[in-house]
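Every number in this text was worked out from the coordinates using simple rules, so none of it is lab data. This is a predicted model, so every value here is computed, not measured. Cβ sites come from the backbone with ideal geometry, for glycine too, and all protein chains shown count toward neighbours.
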Amino acid sequence: MTDTLYALLAIAVVLTVVSVLVPLAERFRLPHTVLLAIAGMGMGFLGSWIIAGGLRLGVFTDAFIGLDKLEVGTELFLPLFLPPLLFTAGLTIDVRRLMDEIHAVLLLAIVAVLVCIACVAGVVHLATGMDIVVCLLLGAVVSTTDPAAVIGIFRDVGAPKRLSILAEGESLLNDAVAIAAFGLFMGILVARASTDGSGMPADPTSAIAVFLREFVGGLVLGFSMARIAIMILPRLGESDAAIASVTVSLCYLSFIIADKYIHVSGVVAVVMAALTIAAYGPTHLHPRQWTALRQVWAQLEFWANCLIFVLASMVAADVLLKITWLYVWGVLAVAIGAFAARALVVFGMLPVLEGFRLVQPVNRRYKAILVWGGLRGAVTIVLAMVAAGNEQLPEPVRDFIAISAVLFVLFTLFVNATTLGLVMHLFGLDKLSRLELALRDRVLALSRVNVEKHLQQIIRQHNERTDGFAVDPASAGDPSVEPVPPELALDLEERVKIGLVTLCTREKELYLELFEQQILSRRMVAVLAANADRLIDTVRDKGAKGYEQWLEEISRPDRGFRFALWLHRRFGFERMLTDRLADRFEILMVSLSVLSELTTFNANSIADLLGHDAEASLAAVIGNRQRGVEGALRALSLQYPGYSESVQQRQLERAAIRYEGAEYIRRLHEGIISREVYNDLRDKLAERRGAVSQRPPLDLGLELQAMIGRVSLFAGLDQHTIVEVGKRLRALVAFPGETIIKVGGPPDAMYFVAAGEVTVHTKTIVVTLKEGDFFGEMGLLSAQPRNADVVASGYTHLLVLYRRDFNKLLAGRPEVRAAVEKVAAQRVAANRAEPAR
Ligand code: CMP
């Protein structure tokens, strides 16, 4: 038999074992790697027994011979397994959420690796007396973490999603840092070995420069290659297979080109490529294609992970037979160093980040899980294998690194992973899922009732039809099952909290549905879905109060918007502002329609589930939010009336297209129209859809001109002057009840009412000013403090003319000055007159 056949046989056997073990691990709620490691070690013992004993068991013996041959090929480990492991980790992460936590993740990842290397190296050096550089290398090997177990637990206990992002992000980036450090120490050891032990370690500054060059180079290469792939992906049509192939080739190409051709970090390039695909993929691929792609990668990662674990555990089994005290001390020292380092980072550094508000406070119990759940996984094993396979290193060093690292991975699996559940119980974390359990019970009880109702209906119909052979409806089930009154299980606050999480989850689903129906753009769905996720976290953390706080937060214009506004005011850059405005329009309009669906959902589904009182509270919360969104939309429409109209029209057209599409399909199924007619109609619809897929352009200049046209003072001006005046005017929306001018305030500007109303309150009279009127002119003309309060009656759209521009305009336009002075004089006279009784 050829080596290839041996290898294939071995892989097939491993996959067979794996397919049995994974469901078993799920049943016992253990990370499947624990069982894989046990199986791997068992196969290791069995293999050496069979091969050494010369047993002839046909395909069995051959499979073990194949496994034995596979083990030898350690140089394959790094290039074959590492890229898909890293790529999948990068692909599955929610990049938007990662960016939210990026400060914390970066600091945690970099500092955690450095602290781990230092602690492990220190303790191992003290315990075993091994060379310090070897200890540092071992530290780098074991400093990568595998977040799967922690994330699983966080999900089970309903911890905020940001914690999972923190763990995932940390693990992804610390892989990159640890592997870079690994390369550095390997380099030093190899250089030493080649000069017979007298070689000096590389100059630290040049080592850091090389490290930075490799790191940044990897980032740039990974990003650029992934961008090219992103351009190719949408052109591959419907083929999921082609899309997956492009990403697989991206994964290996970026790794090899970086490492072998450009000499930058291949690992960083792969991570960056994956993150780029994760950021742009969901918006460039159809949701179905994106899901399919992620499934392919999950499968690849699973295979890589399983093979690594089984093969490494077989090696470990070999080692266990000839274990010495050196390794025992080594592993214990690694364990002490690694967990001390992790505790130091989580309990020492996270609080500092919390203090600087770079990360939201993390519950102490979750911190404990983060420490104890710092398992090591496939990446550590791959690095250990690479060290073991490097012939340039002295053999004792290779053995020491490989054996200590692999044994430590097994230690974390057998000791930490198996006791994580216990730790959870000790900290009372398993009780946190009580809410979720209560909800599940309710859903079950309700569905049972529904099923019974359904059954009885069917039986009744059956009885009517068969007339005589009656079946007793009561015998079909126990109709007395009544849903447990929700009040018994949970208090109102808890039920409202569950309800809010349910609503937010539904909200996210609705956004995704809108995207699938091509009503929402890809970019917007990413923003909105990420927002819904954040909202879920906040609600889990702080309940209804968190919901309201969050809404307040997002209703304020964000930093990007303020920056865009500043760019526009200061330098006249319009592009960014118009983009932001258009986004805001779209978000508000979509939110409004989704909120009205949520109102119906709440009324129809929540009362049964959580009780009428919870439904009423939730309705109030949604109502509040609806009013907020409506207000913001009104303000924006007031400010950009033309644009708002065209956006609304586009929204309507999209809804019409969706409706028509559904109608055509119905007619086709009913056989009213033929397939040919349907295809023709569908193509026409696609054309129309294409036409409305572009957002209407927002022309700030046009909007402003339209508003200037409404001010009577400017009515007589020619087009050229209107454009001139337009450059000096700034648009502003005042909110209902907002005081625009305060008595005694500095006279810095005058205002024109472009839409809406304001009321002027002097000491003696109250006057209402409407569209086309102006105010604030008296202070500017007389250089005296303001003589009245001016308050917006509703959403009011104003044009502001600052003092300098006012002076310039009036100097060049005597007729405008005369008109303004005339009005001011009339007002002075009115204010002097006796108040009406
Ligand atoms: P100013 O004094 O700068 O600030 C308050 C503004 O209220 C004032 O300019 C006028 O524009 C406006 N105002 C004051 N009195 C009246 C009035 N009687 N009728 C209309 N507007 C007025």
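What the table shows:
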quantity: Those chymotrypsin sites (Phe, Trp or Tyr not before Pro) in the range 545-643 that DSSP places in a loop and that have at most 14 other beta carbons within 10 Å; calculated: Phe573
quantity: Efficiency of FRET from Cβ geometry, Gln299 and Phe45, R₀ 22 Å, rounded to 0.05; calculated: 0.15
quantity: Listed residue (Val451, Val345, Gly66) projecting farthest to the positive dipole end of the chain, Cβ model; calculated: Val345
quantity: Three-way shape label, the range 15-163, alpha-carbon gyration tensor, a/c 1.5; calculated: oblate
quantity: Hydrodynamic radius (Kirkwood) for the range 711-836, which is based on Cα pairs only, to one decimal in Å; calculated: 14.8
quantity: Nearest-20 debye value, the range 3-70 charge dipole, Cβ charges on Lys, Arg, Asp, Glu; calculated: 180
quantity: Listed residue (Ala818, Val270, Pro83) projecting farthest to the positive dipole end of the chain, Cβ model; calculated: Ala818
quantity: Residues with amide H under 5 Å from that of Ile741, placed H, sequence gap 5 or more; calculated: Val790
quantity: Residue-averaged [θ]222 nm for the chain, counting only DSSP H segments that reach four residues, each worth -39500 (n - 2.57); calculated: -24500 deg cm²/dmol
quantity: Partner lysines for Lys161 [C-alpha distance under 28 Å; skip if fewer than 8 residues away on the same chain]; calculated: Lys367, Lys431, Lys497, Lys508, Lys542, Lys545
quantity: Spread of Cα-to-Cα distances over 20 Å intervals beginning at zero, given as percent, for the chain; calculated: 12, 34, 31, 18, 5, 0
quantity: Partners for Lys260 among aspartates and glutamates (Cα-Cα distance below 17 Å; same-chain residues under 8 apart left out); calculated: Glu75, Glu214
quantity: Span-rule helices in the chain, defined as complete DSSP H runs reaching 30 Å or more along the axis (Cα) with Kyte mean at least -0.5; calculated: 3-27, 32-53, 102-128, 161-194, 204-232, 287-321, 492-516, 522-555, 575-601, 612-639
quantity: Listed residues Thr4, Gln295, Gly53: farthest to the positive end of the dipole of the chain (Cβ charges); calculated: Gln295
quantity: Extension gain (nm, one decimal) between Glu395 and Leu106, 0.36 nm per residue minus Cα-Cα; calculated: 100.5 nm
quantity: Gap separating the Cα centres of the range 795-821 and the range 1-16, nearest whole Å; calculated: 86
quantity: Longest segment of the chain lacking GluC sites (Glu not before Pro) that sit in a DSSP loop with at most 11 other Cβ atoms within 10 Å; calculated: 392-669
